[in-house]
Amino acid sequence: MNNKIFIFLIALIVILFLGFVILGDNQDAPTVSQRSNNTYGVSPQNIVLEEAYSLGCPACAQHHPVLKPLRQEFQDKIIFQPVHFPLTASFRNALAAHRAVEAARQQSLDLFWALHDKLFEEREAWVNLDDPINQIRVFAEEAGVDLEQFDVDFKSSKINDIINNDIKYVESLGITGTPTFILDGQVLEEADDEAFSRIETAREFINQYLENLETASAAEDNEADIETSSPSSEEVESDNAETQ
């Protein structure tokens, strides 16, 4: 056989083999790799208050009546963003609830919040059931969720990836319990977390944080104005020369 033909055939076999390997790797790769994005409100200063939460957690349920009115009160100043952290070892039905709210999210953000709030407010109705999905579907339907699409999304690998990526994010911050709050990327200390257990202390904490930001921003603007208005060294030297 001609050497050139032989080399060509070997090269072709290698290319085909690599193609099959790459194709196989792509088939095994997850189709979605992202965190959840369930936000409430807007913030001109891009202030984000995240909550690592579990829908099965009684402490989270106790915080919910505080956080819900806070979302509405500060919706033009702070972005509220819950982050999935179901803690299934402690709350066996939590994962089903988190899959449900994320499935509702695939239809709309409003439906996410409607089902999120409903599952907290009716926690006792599903949290200890042997199979909570039927009761959760009832709540989903009451919230306005399309159940046919809900059932498809609930079982999807996309939902699984979103929740798992949220869990990895929370664990990367060293968080082990819920609820834990993350304000502008900083995990709050236990005492600050506790502030969100009552509406009065939570409001005071947020207002103080906003006030501190405004003070810091005003100080930076003042420093910038001083630097802008101060004469440069060249101008000073020029003035001195003219005076002499």
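For K168, the lysines whose Cα falls under 24 Å of its own Cα, not counting residues fewer than eight places away in the same chain, are K155, K158. Enclosing the Cα atoms of the stretch 77-217 in their convex hull gives a volume equal to 134 cubic angstrom per residue. Between E190 and N46, what FRET efficiency follows from the Cβ-Cβ distance if R0 is 35 Å, with the result rounded to 0.05? So the FRET efficiency works out to roughly 0.85. Stretched out straight at 0.36 nm per residue, the stretch from L109 to R198 would grow longer than its current Cα-Cα span by 29.4 nm.
Could you sort the peptides 57-64, 92-99 by per-residue average Cβ neighbour count (10 Å cutoff), highest mean leading?
Ranked by mean Cβ neighbours within 10 Å, highest first: 92-99, 57-64.
Quick note: the coordinates plus some simple rules give every number you see, no bench work behind them. Since this is a predicted model, take the numbers as computed values, not measurements. Backbone-built Cβ (ideal geometry, glycine too); neighbour counts: all protein chains shown.
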